[in-house]
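Trainee: Before anything else, here's the structure in question.
Throughout, read-outs are computed from the coordinates displayed, never taken from laboratory work. If you're wondering where the values come from, they're calculated on a predicted model, not measured in any experiment. Positions of Cβ are generated from backbone atoms using ideal geometry, with glycine treated the same way; all protein chains shown enter the neighbour counts.
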Amino acid sequence: MLNFGRNTGLIAALAAAGLMLGSVGHAKAPTTAPAAATAQGVTVTDPKTATPAPAAPEAVNPLLADNGGPAMAIDPKIGQPVDGWIDVQEQVTPTGKRAAWMHDSILVPVITVISIFVLGLLVWVVIRYRRAANPIPSKTSHNTTIEVIWTLAPVIILVGIAVPSIGLLQAQYKPAPSNAITLKAIGNQWYWSYQYPDNGGFEITANMLKEKGTTAPGERARTDADGPPLLATDNRIVLPVGVPIKLLTTSADVIHAWAMPAFWIKLDAVPGKINETSFTIQKPGVYFGQCSELCGSRHGYMPITVVAVEKPVFDQWVVAKGGTVKGAAPAAAAPEATPAAATFNTTATAPAAAPSDK
């Protein structure tokens, strides 16, 4: 039998020492798990305490800007109406330059000469055959020479105009070559939608940009960088420079007309019918047009904006829009994956034998 009275002091001393050691061990214990532990020179991160790396910001493609196309400075004197200008717009297509030459070198001189000649005749008749200068009127009823002149002169003038005009008409509707890029313009009340059949068939829609103070929530207002009032669109049509363009027009409702003065293009868009013409843009830039066929109450709010860029930039824009480059070789098909169940290693070594206890 133990003598508790004799061992009471010893038991109390042992209990106090145990409490002290327990408190010291508890103070040294970490309150949280370490973020990383090092074993054999490799740092292992605890998934419970690891901080996820911030996601890299998504790159913004400059070809998918608000204006829907590559950045291009607008020349205020090209591709749009110019205040005080009395001639046709500067032409940037071969057909347009030919038409401008005919207008400036043939039509205007002929019209000017005829107008001056008729005005001179009127002045001469008024002065020469007034009552005071000609009290006894002439009774001449026929003059063969004059009749021959006023019959042959108009014929010669019309033939002189017809020869270049027929050639110009043929050039306007000459079929596009095989390497042409097709643009299909569809008129709607009251906006334009466009398709690129040769580039994967993607479609974009172009609406007129409203002025500040007239936009609805979520709409973007026009700025000077977009173009003139009533001519700027939220999406621009992008076309390559130096490549023939085959333009197809049709309509979803009423008759519209796709008109671009700098290209010398005005082609009706008729429901249920496809009209065709072709042109080649020779100068990069931003060009503005509009619907030129009375199509309803908002006929004046159907603008057209075309950005003409170099062919490589056009190809980049097409790819950015999800299309394909015409004539490009198709991407190679990825090899089919081998089923996991059928994959095995014929040269695998046998597992190492367990160490012997001997």
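Trainee: List the residues, sorted by chain then number, that are 5 or more residues from W192 or on another chain and whose placed amide H is less than 5 Å from its amide H.
Mentor: Residues meeting the criterion, in which the H sits 1.01 Å from N, are A206.
Trainee: Could I ask something else about it? Write down, largest first, the equivalent ellipsoid semi-axes of segment 271-329 in whole Å, where each equals the square root of 5 times an eigenvalue of the alpha-carbon gyration tensor.
Mentor: 28, 16, 13
Trainee: Say each of D75 and E211 gets a label point 7 Å from the Cα, pointing the same way as Cα to Cβ; how far apart are those two points in nm?
Mentor: 2.8 nm
Trainee: Sticking with this one: For I237, list long-range residues whose amide hydrogen, built 1.01 Å from N in the peptide plane, is under 5 Å from its own amide hydrogen.
Mentor: Distant-sequence amide H within range of I237: T305, V306, V307.
Trainee: Moving on. Could you state the number of Å between the C-alpha centres of segment 122-187 and segment 251-269?
Mentor: Measuring centre to centre over Cα atoms gives 28 Å.
Trainee: For segment 141-210, compute Rh as the Kirkwood radius over C-alpha pairs and then the Stokes-Einstein diffusion coefficient at 4 °C and 1.567 mPa s; write the answer in µm²/s, rounded to an integer. Please list the in-between numbers first.
Mentor: Numbers: Rh = 17.2 Å.
D = 75 µm²/s.
Trainee: Taking θ as phi - 60°, what are the ³J(HN,Hα) couplings along segment 105-119 by the Karplus curve (6.51, -1.76, 1.60), each to the nearest whole Hz, with x for Gly and Pro?
Mentor: Couplings: 9, 10, 5, 4, x, 5, 5, 5, 5, 5, 5, 5, 5, 5, 5 Hz.
Trainee: What FRET efficiency comes out for T112 versus F202 if R0 is 41 angstrom and r is the Cβ-Cβ distance? Round to the nearest 0.05. All intermediate terms of the calculation are to be shown ahead of the outcome.
Mentor: Values: r = 49 Å, r/R0 = 1.20.
Calculated value: 0.25.
Trainee: Based on C-alpha coordinates, I'd like the Rg and Dmax of segment 186-267, in Å.
Mentor: Over segment 186-267's Cα set, Rg and Dmax evaluate to 14.2, 41 Å.
Trainee: Moving on to the next point. Under 5 Å between amide H atoms, partner at least 5 residues away or on a different chain: which partners does A269 have, H built in plane at 1.01 Å?
Mentor: H256, A257, W258
Trainee: Right, here's the next one. What is the Rg over Rh value, at two decimals, for segment 77-193, using alpha-carbon atoms and the Kirkwood definition of Rh?
Mentor: Values: Rg = 23.4 Å, Rh = 19.6 Å.
With Rg and the Kirkwood Rh in hand, the quotient comes to 1.19.
Trainee: What is the calculated FRET efficiency for Y129 to K273, with r their C-beta to C-beta distance and R₀ = 51 Å, to the nearest 0.05? Mind showing how you got there, number by number?
Mentor: Working: r = 56 Å, r/R0 = 1.09.
That gives a FRET efficiency of 0.35.
Trainee: Can I ask one more? So what does log10 I(q)/I(0) come out to for segment 206-247 at q = 0.14 Å⁻¹, using the Debye formula with one equal point on every Cα and no solvent?
Mentor: Log-scaled intensity ratios, in q order: -0.41.
Trainee: What is the extension gain from L121 to T151, computed as 0.36 nm multiplied by their sequence separation minus the C-alpha to C-alpha distance, in nm to one decimal?
Mentor: 9.1 nm
Trainee: In the structure shown, do any of K174/K326; K210/K326; K97/K321 have a Cα-Cα gap over 27 Å, and if so which?
Mentor: K210/K326; K97/K321
Trainee: Run the numbers for I86 and A100: contour at 0.36 nm per residue of separation, minus the present Cα-Cα distance, in nm.
Mentor: Computed gain between I86 and A100 is 3.7 nm.
Trainee: Sticking with the crude label model, points 7 Å out along Cα→Cβ, report the distance from K311 to Y173 in nm, one decimal please.
Mentor: 2.9 nm
Trainee: Another question, then. In segment 78-150, with Lys and Arg counted as +1 and Asp and Glu as -1 at Cβ, which of these residues, P109, P135, G120, has the Cα nearest the positive end of the dipole, that is, farthest along it?
Mentor: P135
Trainee: If you consider only alpha-carbon coordinates, what radius of gyration and Dmax does segment 208-319 have, in Å?
Mentor: 15.0, 41
Trainee: Here's a follow-up. Quick one: 3J(HN,Hα) in Hz for segment 133-142, Karplus 6.51/-1.76/1.60 with θ = phi - 60°, rounded, Gly and Pro as x.
Mentor: The phi angles translate into 8, 9, x, 10, x, 6, 10, 5, 10, 9 Hz.
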